[in-house]
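Novice: The structure follows.
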Amino acid sequence: MALRAQALADSGRHDEAYGMLGALRKSDAVPAAELPRLESRWARGALANAADGNVLAAHWDAMPATLRQDPAIVAAYAERAAALHWDDAAARAIEQSLDAHWDDSLAALYGRLSIGRLDERASRIERWLAQHPGSPGLLTSRARLQYAHGDWPGAEASLHDAIDRGASSDTWELLGDGYAANGEDARARIAYANALRSARGDGLVELPTTSQAQRFATPRGPVDTNGTTLQ
């Protein structure tokens with residue numbers, strides 16, 4: 001029975017493996033200490049691979065409350081809901097989870113999901129920041145929404161705040177994307193390098209000042225109305 005459940009999970013049929021948990025528990029087919037790990041992994045897989053919104057909702061509703069409070073489970077549900085264009089469900093799952101139990105990884109995901117609702121999410125992020133001002137994930141989410149609103153200076157400031165509070169390499173990469181999109185090539189290169197250094201645990205390189213960045217910028221030719229360099 002244990003081998004069958006594992007084989008189902010290995011072949012991507014996590015929902016069927018998850019459905020066997022009761023029998024595995026009742027028959028002591030796997031060590032009791034292993035069950036929570038398997039339950040979490042198979043639950044995440046079942047949500048991530050749900051064929052449609054109805055299946056996703058059925059899996060979510062059938063899970064015990066303890067699982068629906070697990071940030072990794074909430075993330076799997078929200079990401080799949082967003083992929084299925086269930087924007088309200090994706091946002092609500094993260095909002096309810098963060099209101100009940102704060103988790104920085106979910107705060108970061110809240111801004112990363114492609115679910116629209118920019119103004120509503122921005123307002124909620126500001127309310128959360130009043131309670132969790134040092135959250136790097138929340139500051140990065142704020143930066144994403146600021147950038148989506150066309151506010152690059154605000155996004156840049158939020159990204160620097162997030163980095164100062166220990167944000168991950170993803171934040172450095174996002175900063176590099178912003179610099180690249182705004183023609184600040186020297187800063188973009190260093191931000192991307194720092195994304196790699198951060199992921200590896202290496203020391204970071206200091207970003208150049210505006211005057212230094214301009215001094216070492218790659219010369220650009222004239223551009224057309226689409227921003228394409230003309231030869």
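Novice: Using a 1.4 angstrom probe, figure out how much accessible area the chain has per residue, in square angstrom, rounded to the nearest whole. The partial results should precede the final answer.
Specialist: On the way: 12380 Å² over 231 residues.
That works out to 54 Å² for each residue.
Novice: Considering only H14, H160, H101, give the residue with the highest GNM mean-square fluctuation for the chain, with springs between Cα atoms whenever their separation is below 10 Å.
Specialist: Looking only at H14, H160, H101, the largest GNM fluctuation is found for H101.
Novice: Mean shadow of the chain, computed from the convex hull of its alpha carbons, in nm²?
Specialist: Values: hull surface 65.9 nm².
Average projection, Cα convex hull of the chain: 16.5 nm².
Novice: Summing +1 for each Lys or Arg and -1 for each Asp or Glu, what net charge is found among the other residues whose Cβ lies under 11 Å from the Cβ of A58? Can you show the working numbers first?
Specialist: Values: positive: none; negative: D15, D52, D61.
Value of the local net charge: -3.
Novice: Okay, moving on. In the chain, carbon and sulfur make up what percent of the accessible area (probe 1.4 Å)?
Specialist: Numbers: 6250 of 12380 Å².
Taking all protein chains in place, the chain shows 50 percent carbon and sulfur surface.
Novice: Can you give the convex hull volume per residue for the Cα atoms of region 72-198, as a whole number of Å³? Provide the component values of the computation, followed by the final result.
Specialist: Details: hull volume 12.8 nm³, N = 127.
So the per-residue hull volume is 101 Å³.
Novice: Set Lys and Arg Cβ to +1 and Asp and Glu Cβ to -1, take the dipole of the chain about its Cα centre, and tell me which of H132, W102, Y18 lies farthest positive.
Specialist: Farthest along the dipole direction, towards plus: Y18.
Novice: Net charge within 12 Å of A181 by Cβ-Cβ distance, Lys/Arg positive one each and Asp/Glu negative one each, not counting A181 itself?
Specialist: Values: positive: R187; negative: E156, D177, E184, D185.
Counting the neighbours of A181, the net charge comes to -3.
Novice: Kindly provide the trypsin sites (Lys or Arg not before Pro) of region 87-144 that DSSP labels as loop, not H, G, I, E or B, and whose Cβ sees at most 15 other Cβ atoms within 10 Å. Don't skip to the answer; put the middle values down first.
Specialist: Working: sites: R92, R112, R117, R121, R124, R127, R142, R144; in loops: R117.
Answer by residue number: R117.
Novice: Which of R187, R25, R68 moves most in a GNM of the chain, Cα contacts under 10 Å?
Specialist: Sorting by GNM fluctuation, first place goes to R25.
Novice: Let me ask something else. Relative to the Cα centre, what is the charge dipole magnitude of the chain, using +1 at the beta carbon of each Lys and Arg, -1 at the beta carbon of each Asp and Glu, and rounding to the nearest 20 debye?
Specialist: On the way: 24 positive and 31 negative charges, 70 e Å.
Roughly 340 debye, rounded to the nearest 20.
Novice: Next question, about the same structure. What base-10 log of the normalised intensity I(q)/I(0) is obtained for region 50-101 from the Debye formula, alpha carbons as equal point scatterers, at q = 0.28 Å⁻¹?
Specialist: Ignoring solvent entirely, the Cα scatterers give -1.16.
Novice: Sum up the charges of everything whose Cβ sits under 13 Å from the Cβ of A91, counting Lys and Arg as +1 and Asp and Glu as -1, but leave A91 out.
Specialist: Numbers: positive: R92, R112, R117, R121, R124; negative: E79, D87, D88, E95, D99, D119, E120.
For residues surrounding A91, the net value is -2.
Novice: Mean-square fluctuation check for the chain, GNM, Cα pairs under 10 Å: which of T66, T140, T171 is largest?
Specialist: The residue with the greatest mean-square fluctuation here is T66.
Novice: Treating only the Cβ atoms of Lys and Arg (+1) and Asp and Glu (-1) as charged, compute the dipole magnitude of region 93-190 about its Cα centre; round to the nearest 20 debye.
Specialist: Details: 10 positive and 16 negative charges, 18 e Å.
Rounded to the nearest 20 debye, it is 80 debye.
Novice: Take the Cα pairs of region 90-146, get the Kirkwood Rh, then feed it into Stokes-Einstein at 4 °C and 1.567 mPa s and tell me D in µm²/s.
Specialist: Values: Rh = 10.9 Å.
Diffusion coefficient, whole number: 119 µm²/s.
The values are calculated or read from the model by the stated rules, or taken from the named source; none is laboratory data. Because the structure is a prediction, the values reported are computed rather than measured. Every residue, glycine as well, gets a Cβ built from its backbone with ideal geometry; the counts of neighbours run over all protein chains shown. In case anyone asks, the SASA skips ligands and DNA or RNA and just uses the protein heavy atoms, side chains included. Shrake-Rupley method; radii C 1.70, N 1.55, O 1.52, S 1.80 Å.
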